[in-house]
Amino acid sequence: MDKELLKRFFEGRATTDEEMRVREWMDASEENRRAYFRERKMYDMTLLLTDESEIKSAPQPTKKNVRFFIKFIEIAAVAVITLVVTLFYKNREEQNYWLTAQKISAPAGQRVQLELSDGTQVWLNARTKIEYPAAFVGKDRRVKLDGEAYFQVAKNASKPFIVQTSKGDVEVLGTKFNVESYSDDNTFTTALMEGAVKVTAGGYQCNLKPNQMAYLKDGKIRVAPIEDYNPYRWREGIISFKNETFPDIIHKFEKYYGVEFRIENKAVMSYRCSGKFRHSDGVQYALRVLQKDVDFKFTRDEENHIIYIK
């Protein structure tokens, strides 16, 4: 796969046809999928590095100012070092965690896989951000999440793994689980596949067993059995929904495909639908699946990435 095309895809500048090419290539084989995630990791890492061209293009001091400039730098360096040492010891534990924090995001329409320093595997769903330290120090392993992610946590009984979100926290020792908590909506759910987790949200706590899920309702944590695992297959490129409202499904399409929807046909708002298909099938195929149960038409504004439901 052409690396320039992948770069445009990561940056959200690829055309609809190019996006389809990338997704079809990625889903064609496991080798292609691994190559895609390798390129994605390399792209994400470049975002963390300083642009050397900006440094090289900085104006150079004139000769008569060189000595003064060097002396100024020496004094400033001592002041900065003193300040850094003071701040470090003032809040040592917090700085150990976030001084070298890395931020990775999965744009709309994309998924990202990464491995943390302790060996924990993380899959990010579309429109998801994660922040984590370069190395876990202290009494726990703590990450910050905005969106949806699947975690396969490396076991370490003496150092719990904690996922912080804007609505609640999930604490584990070593397990497989899914967390969904987007800051721009009211959703907060944790589904446990293996191991054990403790969920804290809304001033309440609960411990989950495998095949259980916890979610917030009316400000309280509710626990229920996992009846359908298909919604958690998003990391495999599977989009699944069961008896969901039409607006909720469209909201998912916006996340998965990176397009904006405008519903002009208000009659579709009350419909509920079920379906399952591959992400690589594309948004138009997904809409045609919905048309089997719901009477609507759609048009697409390619220039502005807007789909109108009529």
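The values are calculated or read from the model by the stated rules, or taken from the named source; none is laboratory data. Because the structure is predicted, anything quoted here is derived from the model rather than measured. Cβ sites come from the backbone with ideal geometry, for glycine too, and all protein chains shown count toward neighbours.
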| field | Matching residues, the range 223-243, being closer than 21 Å to ALA149 by Cβ and either aromatic (Phe, Trp, Tyr) or part of a strand (DSSP E or B) (or both) | value | VAL223, ALA224, TYR229, TYR232, TRP234, ILE238, ILE239, SER240, PHE241
| In the range 200-217, which residue that is small (Gly, Ala, Ser) and buried (at least 16 other Cβ atoms within 10 Å of the Cβ) is farthest from VAL170 (Cα to Cα)? | ALA214
| note | Considering residues that are charged (D, E, K, R) and surrounded by 19 or more Cβ atoms within 10 Å (Cβ to Cβ), the number found within the range 104-137 is 2
| field | Qualifying position, being part of a strand (DSSP E or B), farther than 28 Å from TYR256 by Cα and among the charged types (D, E, K, R), among LYS144, LYS198, LYS159, LYS155 | value | LYS198
| query | How many of the residues making up the range 143-175 are surrounded by fewer than 21 Cβ atoms within 10 Å (Cβ to Cβ) and more than 17 Å from PHE188 (Cα to Cα)? | reply | 11
| Residue that is closer than 26 Å to LYS176 by Cα, acidic (Asp, Glu) and surrounded by fewer than 18 Cβ atoms within 10 Å (Cβ to Cβ), where the choices are GLU303, GLU236 | GLU236
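In the range 170-184, which residues are farther than 18 Å from ASP118 by Cβ and either in a strand (DSSP E or B) or in contact (Cβ under 8 Å) with a residue 24 or more places away in the chain (or both)?
At the first step, the residues of the range 170-184 found to be farther than 18 Å from ASP118 by Cβ are 178, 180-184.
Hits for the range 170-184 are ASN178, GLU180, SER181, TYR182, SER183.
Of these, TYR271, TYR215, which one is of a type in the set (Phe, Trp, Tyr), at pLDDT 85 or above and within 18 Å of THR189 (Cβ to Cβ)?
TYR215
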